[in-house]
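These notes concern the structure reproduced below.
The values are calculated or read from the model by the stated rules, or taken from the named source; none is laboratory data. The model shown is predicted, which means the values in this text are computed figures rather than measured ones. So basically every Cβ, Gly included, is an ideal-geometry build from the backbone, and we count neighbours across all protein chains shown. Protein only, heavy atoms only, side chains kept; ligands, DNA and RNA dropped before computing areas. Shrake-Rupley method; radii C 1.70, N 1.55, O 1.52, S 1.80 Å.
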Amino acid sequence: MSKRKARDAHLPVGECIKQVQQILRERFCERRLPDRLEGVEAQYKHLLELLRRTAIHGESNSVLIVGPRGAGKTTLLQCVLRDLQKEEKVQKNLLQVHLNGAKPHLNSSQFKNPHVCWKSELDGWVCVFAAGLLQTDDRIALKEITRQLHLENVVGDKVFGSFAENLAFLLEALKKGNRSSSCPVLFVLDEFDLFAHHKNQTLLYNLFDVSQSAQAPIAVVGVTCRLDVLELLEKRVKSRFSHRQIHLLSSLNFTQYLERVWTQLSLPDSFPDKKFAQEWNAGVKTLCEDKSVEEVLQRHFNSSKDFRSLHMLLMLCLSRVSVAKPTIKPADLLEASRMCFADATANMLHGLSILELCLVIAMKHLNDVYEGEPFNLQMVHNEFKKFLHRKSNSMYNFEQPVVMKAFEHLQQLELIRPVDGSSAKVQREYQLMRLTLDHSQIMEALQKYPQCPTDIKQWAMSAFG
């Protein structure tokens, strides 16, 4: 096929929709890094220069990337590492060992002496990832570091496994090096604030201590969402930290937010069917100019400026695209917004049985009568029996074990919770509980509950006065 025919080729609509779904899902799920970061150019340049000095010149550094969740801290770091690999001086010397996913397996014979990071041995620099949510103490964190460096059981002919031996060997390997001959090591500590809660902050102290000394070049990059993270560090740790911080605080205005929506939904120039891509992009532009869509996006913008919530909204819109409806309409965005702002707890009430719903109404009635005081199963059951006696002739009078089972199911769903400090020795039917629902959630659930008996609705309305 000639280049012109290939350029003018028209794919079937089904194939085009499949390609759109694949491209945009990869974008929304952040499986593919953006070609260029927007709005954080200064932070990108700062971090790139910092890590370049470590990778090329052997200069030790430490830095914290601080910002709210969803601000793009991890994306910034990944883009810097990606672009750093493209540089000729770094390309041959870069080895990344990741915490999750496929990991390169190295021959353990390369690491039979403490000169583990020598360029003569490894001819590269090492990137070690650790996460505070996974490595919950220094012992586990150190074990993960030695695993990523493939040092867990190799020290000549000696096998070690204790925390002290691991730490001593790792520090020996790092401290015997120098800037000219040692391979640079990059430590990435995700959820950095959780490492600060480890006992004595031993790992942080030793990493910062090595980064301050003229030994093996290392860079320590911490990623955290806590602005007060430095206050969590002990004095000896803080004194060894460089106090460099890169802040990612969103400065987006609504116009830029709309542009980001248009960019995220647009198809690239490389899309196989040019005509379909033009029609799709034109439809996206029309969508973004719609007044009802602007109102929905303004609400999302006021609620949260992070891109994760935006990607969730756009993913819900994309899921409604099909061969029969190959474009995103304003109604799709309105429905996706309604689903994003839906109350998950209220939705959970729709799946309750009639008995469980009656118990929830009885609990709310007790809350109103006793002004929020805690209740127990016996009180709820008595209230339910009063309702059966007064108003309902159509409902079955359930036995105590059945009511208790329904009550326990509500506790499993976390719609009720035990009062803090309640004694474990108290019988289950007398254990004090609190309701985690409010008036509006219960009433909304009653309105949407399928085939809800009229007696129960009337009881609920009377209970709320």
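Accessible surface comparison of R260, R338, probe 1.4 Å, protein chains only, largest first: the order is R338, R260. With R₀ fixed at 41 Å, the C-beta to C-beta distance from R390 to E335 puts the FRET efficiency at about 0.50. Inter-label distance, T255 to I140: 4.8 nm, where each label sits 7 Å from its Cα along the C-beta direction. Computed extension length for T436-M312: 42.0 nm, one decimal, from 0.36 nm per residue of separation with the Cα-Cα distance subtracted. Ordering 358-367, 235-244, 373-382 by mean Cβ neighbour count within 10 Å, with the highest value first, yields 358-367, 373-382, 235-244. Please go through the residue pairs K305/K329; K73/K235; K45/K143; K143/K235; K73/K448; K425/K457 and name each one whose alpha carbons sit more than 29 Å apart in this structure. Result: K45/K143; K73/K448; K425/K457 exceed 29 Å.
If the chain linking E87 and R299 were pulled fully straight, counting 0.36 nm for each residue of separation and taking away their Cα-Cα distance, it would gain 72.1 nm. The relative contact order of the stretch 310-399 comes to 17 percent, based on Cα pairs under 8 Å that sit 6 or more residues apart.
In whole percent, and with a 1.4 Å probe on the protein chains, what portion of the accessible area of the stretch 200-352 is carbon and sulfur? Percent of accessible area from carbon and sulfur atoms in the stretch 200-352: 52. Close amide H partners of V220, meaning residues 5 or more places away or on another chain with modelled amide H under 5 Å apart, are N61, S62, V63, F187.
Computed with a 1.4 Å probe on the full set of protein chains, the accessible area for F301 sits at about 20 Å².
Computed extension length for K405-K425: 5.3 nm, one decimal, from 0.36 nm per residue of separation with the Cα-Cα distance subtracted.
Along the stretch 283-293 the Karplus relation, 6.51 cos²θ - 1.76 cosθ + 1.60 evaluated at θ = phi - 60°, assigns HN-Hα couplings of x, 5, 5, 4, 4, 5, 8, 5, 5, 5, 5 Hz to successive residues, with x for each Gly and Pro. Residue ranges 72-83, 401-412, 202-213, 281-292 sort as 202-213, 72-83, 401-412, 281-292 when ordered by packing (mean number of other C-beta atoms within 10 Å per residue, highest first).
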